[in-house]
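Presented below is the structure to which this report refers.
The values are calculated or read from the model by the stated rules, or taken from the named source; none is laboratory data. Here the structure is a predicted model, which is why all the values come from computation and not from measurement. For neighbour counting, all protein chains shown are included, and Cβ atoms are generated from backbone atoms with ideal geometry for every residue, glycine included.
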Amino acid sequence: MTLVQMFAGCGVMFAVTYATKAVGLLFFKKPIKNKFVRSFLYYLPYSVLAVMVFPAIFFSTTYIWSGIAGAAVALLLAYFRRGLLVVSVASIVTVFLVEQIFLLLQ
């Protein structure tokens, strides 16, 4: 997987999660008071990201260690409540750098 493909995937994930937020804004003109619906709309982008990324996170890289490093960075940044775009770009860069280190070591 090349860096361009990784950023393209990041862009698709951003578009999907942004679309889910936009649909909520378009269909609901009044403030949403239902706790379940508010919670659903809040956590939907994170669940979409997890479903799209997690199964392929370890097997789409050349070395499993770069996938593990990218996942660790993503989980750490998500724990500190960084934005979706920041988390995904930082993990992509981490995977790329670890892959380059492994290529240099060979």
Taking residue 84 as the residue in question, decide whether it is over 18 Å from residue 5 (Cβ atoms) and either of a type outside the set (A, V, I, L, M, F, W, C) or without any contact (Cβ under 8 Å) to a residue 40 or more places away in the chain (or both). no
For the subset of the stretch 88-106 comprising residues that are under 23 Å from residue 17 (Cβ atoms) and touching a residue at least 24 places away in the same chain (Cβ under 8 Å), which member is farthest from the chain's Cα centre (by Cα)? 96
Tell me which of these residue 47 doesn't satisfy, since it passes every other one: (1) modelled with pLDDT of 85 or more; (2) among the hydroxyl-bearing types (Ser, Thr, Tyr); (3) under 27 Å from residue 97 (Cα atoms). (1)
Which one of the conditions (1) in contact with a Leu (Cβ under 8 Å, 6 or more places away or on another chain); (2) more than 23 Å from residue 12 (Cβ to Cβ); (3) hydrophobic (A, V, I, L, M, F, W, C); (4) assigned to a helix (DSSP H, G or I) does residue 96 fail to meet, given that it meets all the rest? (2)
For the stretch 44-66, give me each residue that is farther than 27 Å from residue 19 by Cα and in a helix (DSSP H, G or I). 64, 65, 66
Going through the stretch 29-43 in order, the residues found to be in a helix (DSSP H, G or I) and either in contact with a strand residue (DSSP E or B) (Cβ under 9 Å, 6 or more places away or on another chain) or modelled with pLDDT under 80 (or both) are 41
All conditions in (1) surrounded by 12 or more Cβ atoms within 10 Å (Cβ to Cβ); (2) modelled with pLDDT of 80 or more; (3) under 18 Å from the mean Cα position of the chain (by Cα) are true of residue 15 except (1)
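Condition check ((1) closer than 16 Å to residue 8 by Cα; (2) modelled with pLDDT under 90; (3) of a type in the set (Val, Ile, Thr); (4) crowded, with 19+ Cβ neighbours inside 10 Å) across all residues:
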site: 52; (1), (2), (3), (4): yes, yes, no, no
site: 60; (1), (2), (3), (4): yes, yes, no, no
site: 69; (1), (2), (3), (4): no, no, no, yes
site: 82; (1), (2), (3), (4): no, no, no, no
